[in-house]
1. Which of the residues that make up the range 28-38 are assigned to a helix (DSSP H, G or I) and more than 21 Å from residue 317 (Cα to Cα)?
2. Looking for whichever is outside the structural domain of residue 491 (by TED's automatic domain parsing) and over 23 Å from the mean Cα position of the chain (by Cα) here; the options are 332, 303, 379. Which one fits?
3. Which condition from (1) assigned to a helix (DSSP H, G or I); (2) under 35 Å from the mean Cα position of the chain (by Cα); (3) farther than 23 Å from residue 43 by Cα is the one that residue 201 breaks?
4. Looking only at the range 270-289, count how many residues are assigned to a helix (DSSP H, G or I) and at pLDDT below 95.
5. Residues in the range 143-164 that are touching a residue at least 12 places away in the same chain (Cβ under 8 Å) and surrounded by 11 or more Cβ atoms within 10 Å (Cβ to Cβ): how many?
6. Does residue 280 fit the bill of being under 18 Å from the mean Cα position of the chain (by Cα) and on the phi > 0 side of the Ramachandran plot?
7. Criterion first (within 17 Å of the chain's Cα centre (by Cα) and outside the structural domain of residue 153 (by TED's automatic domain parsing)) does residue 54 satisfy it?
8. Can you name every residue in the range 227-259 that is farther than 22 Å from residue 309 by Cβ and crowded, with 16+ Cβ neighbours inside 10 Å?
């Protein structure tokens, strides 16, 4: 038997990480078993479904590294792969259930059903349909339907337990009596989710249904439909809920939850692929947690997925993303960060070879500070912006301004650099060494004032990396010119004199 699994998102919004984890587990399971991974678009919610969301779903899954063997864009032997294009199939199977007595026409109005729900709430009991239309004769039901009276189709639920062996949760038992006769076709002729899913899974020959445990209440209804259709149901595996760090269901209040949001923030697909695979499943301890796609395909085991809720640990994702960023070639990172800096107005829309080469230095200098690529804008303020008025927010800057010895270091450094034909890391270090001999200041006493003067900040990337970045950057055609090392030192000394003169204590 060929393994056939499906991922069936609704195009009513962006892909949530919980949905993506489901897609990933289905994909891993299919690829491990040499099976087929099917993408099906469940768009029967006509009012909320949007084609642009469907396009985003396909784009995001491909970005993550997932591919599919059958789907709306690639076709297949069991299409169409959009539910909105399968209405005739649902109508055919609804007629089969109606003719066999497994379904019946229900003429209850929404007002009558709401009164039933209100009584259930008042009596503090779960609601189930009362069965008002269950015993209508076929002739009466046909006559009323023929006269144009609005109606739904309901499934006639049998009595007794509903049992299945869940790959993740083990044996599951559900009492049919608590379900009540449920609607399978709405009054407008469109199928209800549980009915459409069964028809699709049956006709698409799905062997395993791997999905979130939010679908657990749907499974007994679907098993009853398989039973009524005389079909063997697929194997079910219900994945645990994903919780935020506070133990509540992952939602917008925890931050980004959609795959597209993580893409836009600059998480790399390899990191998200790795991270999501570990949300509910753990590899053998000795192999660690940074795992390639090939390793995950070798190690992943659906039967070892935990039924306990998985915790979405953002700090762990950031750690993992940093590891993948550090492993990437520098040229690839430069290409990836370009759009963020261009959108922020830091770079021109067209970047020449000189700027790209300079960006290699920039990325190398700040890479260890990046959890994700969009942080490049904030982390490169120290390079693209030289705002001495903002520097006063740091107490360390005040200390340098008020320290005559520190200002003497800077003045002497300006003199030492005046005749240096090209300021490089080496020539800068040599000039600083001469200042050390002249002033007797060394270590932090020497280099801290220099850092403050060059960057306007008390901390940041290594000066050995920043010095050539400032020097080369000053020669480039950037939207906002970058001051050179000499310019920064002179600007700081002039500014410090003004601040000292304006100080109330003087």
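The values are calculated or read from the model by the stated rules, or taken from the named source; none is laboratory data. Note that this is a predicted model, so its numbers are computed, not measured. In this analysis, Cβ positions are derived from the backbone assuming ideal geometry, glycine residues included, and neighbour counts consider all displayed protein chains.
1. Going through the range 28-38, the residues assigned to a helix (DSSP H, G or I) turn out to be 28-32.
If the condition is that a residue be assigned to a helix (DSSP H, G or I) and more than 21 Å from residue 317 (Cα to Cα), then 29, 30, 31, 32 are the ones that fit.
2. Details: 332 fails: over 23 Å from the mean Cα position of the chain (by Cα); 379 fails: over 23 Å from the mean Cα position of the chain (by Cα).
The unique qualifying residue is 303.
3. Against the list (1) assigned to a helix (DSSP H, G or I); (2) under 35 Å from the mean Cα position of the chain (by Cα); (3) farther than 23 Å from residue 43 by Cα, residue 201 comes up short only on (3).
4. Step one: list which residues in the range 270-289 are assigned to a helix (DSSP H, G or I), which gives 270-277, 285-287.
From what's left, at pLDDT below 95: 285-287.
The total comes to 3.
5. The first filter runs over the range 143-164 and keeps only residues touching a residue at least 12 places away in the same chain (Cβ under 8 Å), leaving 144-145, 149-162, 164.
Filter once more, keeping what is surrounded by 11 or more Cβ atoms within 10 Å (Cβ to Cβ): 144-145, 149-158, 162, 164.
Here the count works out to 14.
6. On the way: under 18 Å from the mean Cα position of the chain (by Cα): yes; on the phi > 0 side of the Ramachandran plot: yes.
Spelling it out, residue 280 is indeed under 18 Å from the mean Cα position of the chain (by Cα) and on the phi > 0 side of the Ramachandran plot.
7. Values: within 17 Å of the chain's Cα centre (by Cα): yes; outside the structural domain of residue 153 (by TED's automatic domain parsing): yes.
Against the criterion (within 17 Å of the chain's Cα centre (by Cα) and outside the structural domain of residue 153 (by TED's automatic domain parsing)), residue 54 qualifies.
8. Within the range 227-259, the first condition is being farther than 22 Å from residue 309 by Cβ, and the residues that meet it are 227-235.
Result: 228, 229, 233, 234, 235.
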